[in-house]
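Engineer: Have a look at this one.
The values are calculated or read from the model by the stated rules, or taken from the named source; none is laboratory data. Bear in mind that the values here come from a model prediction, so they are computed numbers and not experimental data. Here Cβ is always computed from backbone atoms with ideal geometry, including for glycine, and neighbour counts include all displayed protein chains. What goes into the accessible areas is simple: the full protein's heavy atoms, side chains included, and nothing from ligands, DNA or RNA. Shrake-Rupley method; radii C 1.70, N 1.55, O 1.52, S 1.80 Å.
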Amino acid sequence: MRTMGKQDNIYESGNLSGLPFAFNKEVTEVFEDMIDRSVPGYKTSLSLISLFAKQYYQEGTNCYDLGCSLGASSLSVLKSIPSARVIGIDNSKAMIEECLSRFETLITNQSLSFLCEDIMKSEIRNASFITVNYLVQFLDLAQRDNLFKKIHKALLPGGILLMSEKVHYENSYESNRIFKTHHKFKSVNGYSQLEISSKRDSLEGVLITESEDDHFLRGRRVGFERSAKVLSNLNFRTLIFFK
Ligand code: GEK
């Protein structure tokens, strides 16, 4: 399998275009470096996907990777269950084109597929394992309950939703403190202050966080009987919802 592995220097000279952040070709080319240097615990979240898929995937059912980007979560499922039927969905044409090209062999030999669709319009069904790794934060707040309802409906009894997200705290002092630490994390990973502030500005209104409780409450509202936190790394969480 081919990977691009180009270093992210998109905001090296600031946000020159002044445009909001988008998952276009430029971002696709540096995506792995960007997410790894920006999201604390990203690699651990992928390991958890392998682990929980192994435990909860039911043979003959579907596994969905919603907001799949370059398919890292899909690949994590296949690492632990090579026979799983995995469907990755993303509405970025550049991301899906790259998935189709780099996973060509796996797509031909196994039941792996990628769809370029807005997840709010996708049909999802007969699922025992659904992973939503850092996607919900990019949806309009008004759409999020509908996505959760759709996921709950698509899951079979015994199935799970594993979701990772950036979160804020209800207390704004605590939120600012943790955001500052997150910026330090990025700085230690080689991003300059200009890169950090330009990226933050470009994400304004594009990435909208909620609190951990907001996510748990939504889960309950749509009918998930049990849920739990399985990973907490600075202001990032991985939560599991059981049907
Ligand atoms: C990973 N899960 O590597 N429909 C479909 N896709 C969408 C939508 C939508 N409405 N909105 C945003 N996306 C991946 C990382 S990245 C997270 C996921 C990040 C897609 C968007 O195109 C992008 O590829 C992905 O959600 C979010 O485990 O960059 O922080």
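Engineer: Name the single residue, out of those in the range 109-131 being farther than 18 Å from Q143 by Cβ and outside any strand (DSSP E or B), that is nearest to the ligand (Cβ to nearest atom).
Structural biologist: R125
Engineer: Further question: Can you name the number of the only condition in (1) without any contact (Cβ under 8 Å) to a residue 60 or more places away in the chain; (2) open to solvent by 20 Å² or more (accessible area, probe 1.4 Å); (3) assigned to a helix (DSSP H, G or I) that D145 fails?
Structural biologist: It is condition (1) that D145 fails.
Engineer: Here's something else I'd like to know. Working only within the range 78-103, note down all residues that are of a type outside the set (S, T, Y) and away from the ligand (no atom under 11 Å from the Cβ).
Structural biologist: L78, K79, I81, P82, A84, R85, V86, I87, E97, L100, R102, F103
Engineer: Only residues that are closer than 23 Å to R226 by Cα and charged (D, E, K, R): list them for the range 137-193, please.
Structural biologist: R144, D145, K149, K150, K153, E165, K166, E170
Engineer: Turning to a different aspect of this structure: Out of L106, L135, report the one residue that is touching a strand residue (DSSP E or B) at 6+ places or on another chain (Cβ under 8 Å) and within 14 Å of the ligand (Cβ to nearest atom).
Structural biologist: Numbers: L106 fails: within 14 Å of the ligand (Cβ to nearest atom).
Step by step, each of L106, L135 is checked, and only L135 is touching a strand residue (DSSP E or B) at 6+ places or on another chain (Cβ under 8 Å) and within 14 Å of the ligand (Cβ to nearest atom).
Engineer: Of the residues that make up the range 84-103, is at least one open to solvent by 60 Å² or more (accessible area, probe 1.4 Å), in a loop (DSSP other than H, G, I, E, B) and in contact with a Gly (Cβ under 9 Å, 6 or more places away or on another chain)? Let's see the steps before the verdict.
Structural biologist: Just the residues of the range 84-103 that are open to solvent by 60 Å² or more (accessible area, probe 1.4 Å), to begin with: 85, 91, 93, 97, 100.
With the extra rule that they be in a loop (DSSP other than H, G, I, E, B), the set shrinks to 91.
Subset that is in contact with a Gly (Cβ under 9 Å, 6 or more places away or on another chain): 91.
Yes, the range 84-103 contains a residue that is open to solvent by 60 Å² or more (accessible area, probe 1.4 Å), in a loop (DSSP other than H, G, I, E, B) and in contact with a Gly (Cβ under 9 Å, 6 or more places away or on another chain).
Engineer: Does I119 satisfy the criteria of being over 30 Å from R200 (Cα atoms) and either open to solvent by 50 Å² or more (accessible area, probe 1.4 Å) or among the β-branched types (V, I, T) (or both)?
Structural biologist: On the way: over 30 Å from R200 (Cα atoms): no; either open to solvent by 50 Å² or more (accessible area, probe 1.4 Å) or among the β-branched types (V, I, T) (or both): yes.
So I119 fails the test.
Engineer: Sticking with this one: All but one of (1) of a type in the set (K, R); (2) at pLDDT below 95; (3) in contact with a Leu (Cβ under 6 Å, 6 or more places away or on another chain) hold for R200; which doesn't?
Structural biologist: If we test R200 against (1) of a type in the set (K, R); (2) at pLDDT below 95; (3) in contact with a Leu (Cβ under 6 Å, 6 or more places away or on another chain), just (3) comes out false.
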